[in-house]
2 protein chains.
Amino acid sequence: MRERKKQATREALRAAALHLALERGPENVRVDDIAEAAGVSPRTYNNYFSSREEAIIAAVTAERASRVAAAVAARPADVSLADAVIDAVIGQYTDPDDHARNALLMITSSPALRACYVDTVTAIEGPLAEAIAERCPDMDQLTAEALAASVGAAAKVAIRQWLQSTSKAASLPGFVVASGSLPDLTRSALMPLAPALDTAANRSRHRQVSPRAIA
Amino acid sequence: MRERKKQATREALRAAALHLALERGPENVRVDDIAEAAGVSPRTYNNYFSSREEAIIAAVTAERASRVAAAVAARPADVSLADAVIDAVIGQYTDPDDHARNALLMITSSPALRACYVDTVTAIEGPLAEAIAERCPDMDQLTAEALAASVGAAAKVAIRQWLQSTSKAASLPGFVVASGSLPDLTRSALMPLAPALDTAANRSRHRQVSPRAIA
DNA sequence: CCAAATTTTTGCGCGCACGCAAGTTTACGT
DNA sequence: ACGTAAACTTGCGTGCGCGCAAAAATTTGG
């Protein structure tokens, strides 16, 4: 099976990238090193990842996107769309995994990694849009995508805030802006979107095509 | 005045980039050409723009961000936040400017330019967040940023859809998915966010700190 | 089991982004 | 007016992303 080997090298690259980055620091690892550690050509690396940071981040992020979609789908049908989505997102960004702990610590200390990590949130938008569309079959597809993108954007704001506050806290231990934990921050950022999610869900439930959309 | 000169070279680079791109096509213009046409060193180009496409896009985008913020601020205080924001955004993306017409046509025909153009929407989030915060002084700042980011994300979805449908229309003239104009598309994508914007605005008007935010 | 067809890997080359350390210009104080 | 400090520009070197075409590997059909 050919697909098997591809996933194998993919994971080999992820693992090698994360290992080397944790070992000598993110700045001191070139893509040639990662490729060599994974036993492939440097050129091959860019067939799998389009930037040096991507492999490192992918080792942590991996299947967040599909898991958040699955989490939305797993919620019982009688809970509101807003609660389903918000809880699903928060659930995926609440990781007590201690391996991920110091990985995230490393990410926070490198601007390039921070940016790349924030960008990975975009990956959830596609699957999330599908999950929303599946839960609300009569909803306009453009609406589903817009809502999913909005959720992703709000989550991005929360993560960005959290990253910057933790980096501030690391450099200036006395000057914390009283910013909460990541789950709390994410919840605060997503709460304002709840009305939009629920009214869109209800509109679709009544099979109305939003009469004001044309006017 | 030193700031004067910087803006001058900035605009010189933008103009040169757009001119060359329209003349010989986006693929056949290197940053050395742009720098030479603007009379500066190639290295200097990257002191102003961080990618080859950025200058071309900036020539079209220019001050969208500040203009959308100004448009929000210009709406009378008695119209709802949702209407103010949505109309402001749509207004900025409705350009009958015929110079911009063929510029956008060029953008649609280059994947790299398309991506860069979509990314520029992010630039409105900061000013938009400020405008929202100014209009609703009692609103949580994180909420303002989350809403602004959501609006930007929804606008991004609309633009992406529009770009891809127009490119499809250009290649396959007979197979149009009946996608509307960009303003209509943008309105459809932003409408679902209206409830979120208005309830957040009303919450802030009553000076409540959203008691469920902590629970 | 071998050969054709498809897919993946690899080497090569180009252009680009950016850190760094000069060199050059502009602003300001005396 | 002059010298100093600050900001901007420039050249250089390095690593990176990727298109392209040849080579290697893997599937498929006979």
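A short reminder: the numbers here are calculations on the coordinates, not readings from a lab. Everything numeric here is computed off the predicted structure, so don't read it as measured data. Note: ideal-geometry Cβ built from the backbone for every residue, glycine included; neighbour counts use all protein chains shown.
Three principal axis extents describe the C-alpha atoms of chain A; from largest down they are 58, 55, 33 Å. Here is how the number arises for chain A: DSSP H runs of 4 or more residues each give -39500 (n - 2.57), the sum is divided by the residue count, and the result at 222 nm is -22500 deg cm²/dmol.
Could you work out, residue by residue across A:129-142, how many beta carbons of other chains sit within 10 Å of that residue's beta carbon, and then give the average as an integer? Don't jump to the answer; show the numbers that get you there.
Details: counts 1, 0, 0, 0, 0, 0, 0, 0, 0, 0, 1, 4, 1, 10.
Rounded to a whole number, the mean comes out at 1.
Of the peptides A:157-166, A:129-138, A:98-107, the ranking by mean beta-carbon count within 10 Å, highest at the top, reads A:157-166, A:129-138, A:98-107.
Averaged over peptide A:181-191, the number of partner chain Cβ atoms lying within 10 Å of each residue's Cβ comes to 3. Against the empirical curve 2.2 N^0.38 Å, the C-alpha radius of gyration of region B:52-101 lands at a ratio of 1.34. Note on A:197-203: average number of Cβ atoms from other chains within 10 Å of each residue's Cβ is 3.
State, as an integer percentage, the relative contact order of region B:2-98 based on alpha-carbon contacts under 8 Å between residues 6 or more apart.
On the way: 58 pairs, mean separation 23.4, N = 97.
Contact order relative to length: 24 percent.
Temperature 10 °C, viscosity 1.306 mPa s: under these conditions the Stokes-Einstein estimate for the protein assembly as shown, based on its Kirkwood radius over C-alpha pairs, is 68 µm² per second.
Label-point distances for B:Arg67 to the equivalent site in the other copies, using a point 7 angstrom along Cα→C-beta, read 4.4 nm when ranked shortest first.
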